[in-house]
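The structure appears below as structure tokens.
The values are calculated or read from the model by the stated rules, or taken from the named source; none is laboratory data. Just so you know, these numbers come straight off a predicted model, no measurement behind them. Don't worry about glycine lacking a Cβ; one is built from the backbone with ideal geometry, like all the others, and counts go over all protein chains shown. Ligands, DNA and RNA are excluded from the accessible area calculation, which covers all protein heavy atoms including side chains. Shrake-Rupley method; radii C 1.70, N 1.55, O 1.52, S 1.80 Å.
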Amino acid sequence: MRITNPIMSVPGAMKAMLDLSAAASTTGVDKDLVELICLRVSIMNGCGACIDYHTKLLREAKVADERVYAVAGWRDVPYYSDAEKAAFALAEEMTHVHVSDAVWDEAAKHWSEQELAGLMLAICAINTWNRLNVGSQQKVSA
């Protein structure tokens, strides 16, 4: 049997994760973009619980359906700006734990140092949530 919820099994872990996410949100990066990145990374990592959660948050925020549904094919659709595409590329490469100079340089064209730091923290946070949820086989709650 797996741990029911590992983040709740370690005192202070939930607060630390929430604090990390809160810090990332103070850097000026659009909240909807962060949610789209969380959705994309969760799709990459196969985290059904996070896919469900971030899709619902995006719908509640009234993000256009095509921006939500097409996030996995972001390269091939016209719904995202060049800056957003640079953020998606950074998220994908960070998730694979290798960021090429080309992807970094493109992201740096569109985002300030503080915004890049915020994007990186948000990407790290969602990867951590995904790994905790996938590792403990968290299910989508109805």
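So for segment 48-66 (the condition being small (Gly, Ala, Ser) and closer than 15 Å to Ile126 by Cα), does at least one residue qualify?
Yes: segment 48-66 contains one or more residues that are small (Gly, Ala, Ser) and closer than 15 Å to Ile126 by Cα.
Gly46 passes all but one of (1) within 23 Å of Ala142 (Cα to Cα); (2) open to solvent by less than 20 Å² (accessible area, probe 1.4 Å); (3) not β-branched (Val, Ile, Thr); which number fails?
Unmet condition: (2).
Could you say which residue among Val71, Val77, Val103 is in contact with an Asp or Glu (Cβ under 6 Å, 6 or more places away or on another chain), open to solvent by less than 50 Å² (accessible area, probe 1.4 Å) and over 27 Å from Pro6 (Cα atoms)? Full working, then the answer.
Working: Val71 fails: in contact with an Asp or Glu (Cβ under 6 Å, 6 or more places away or on another chain); Val77 fails: in contact with an Asp or Glu (Cβ under 6 Å, 6 or more places away or on another chain).
Among Val71, Val77, Val103, only Val103 is in contact with an Asp or Glu (Cβ under 6 Å, 6 or more places away or on another chain), open to solvent by less than 50 Å² (accessible area, probe 1.4 Å) and over 27 Å from Pro6 (Cα atoms).
Which residues, counting only those in segment 24-33, are open to solvent by less than 30 Å² (accessible area, probe 1.4 Å) and either among the polar types (S, T, N, Q) or at pLDDT 95 or above (or both)?
The answer is Thr27, Val29, Leu33.
Among the residues of segment 88-112, count how many are of a type in the set (A, V, I, L, M, F, W, C) and touching a residue at least 12 places away in the same chain (Cβ under 8 Å).
9
Do you know which residues across segment 47-84 are of a type in the set (Lys, Arg) and over 24 Å from Glu106 (Cβ atoms)?
Lys56, Arg59, Lys62
With the condition kept exactly as written, say whether any residue in segment 126-137 is at pLDDT below 95 and either acidic (Asp, Glu) or outside any helix (DSSP H, G or I) (or both).
Checking segment 126-137: at least one residue is at pLDDT below 95 and either acidic (Asp, Glu) or outside any helix (DSSP H, G or I) (or both).
Failed condition for Lys109, given (1) buried (at least 18 other Cβ atoms within 10 Å of the Cβ); (2) over 13 Å from Cys50 (Cα atoms), with all others met?
(1)
Which one of the conditions (1) touching a helix residue (DSSP H, G or I) at 6+ places or on another chain (Cβ under 8 Å); (2) in contact (Cβ under 8 Å) with a residue 24 or more places away in the chain; (3) not in a loop (DSSP other than H, G, I, E, B) does Met8 fail to meet, given that it meets all the rest?
Against the list (1) touching a helix residue (DSSP H, G or I) at 6+ places or on another chain (Cβ under 8 Å); (2) in contact (Cβ under 8 Å) with a residue 24 or more places away in the chain; (3) not in a loop (DSSP other than H, G, I, E, B), Met8 comes up short only on (2).
Name, by its number, the condition in (1) within 24 Å of Ala142 (Cβ to Cβ); (2) of a type in the set (Val, Ile, Thr); (3) in contact with an Asp or Glu (Cβ under 9 Å, 6 or more places away or on another chain) that does not hold for Ile51.
Among (1) within 24 Å of Ala142 (Cβ to Cβ); (2) of a type in the set (Val, Ile, Thr); (3) in contact with an Asp or Glu (Cβ under 9 Å, 6 or more places away or on another chain), the lone unmet condition for Ile51 is (3).
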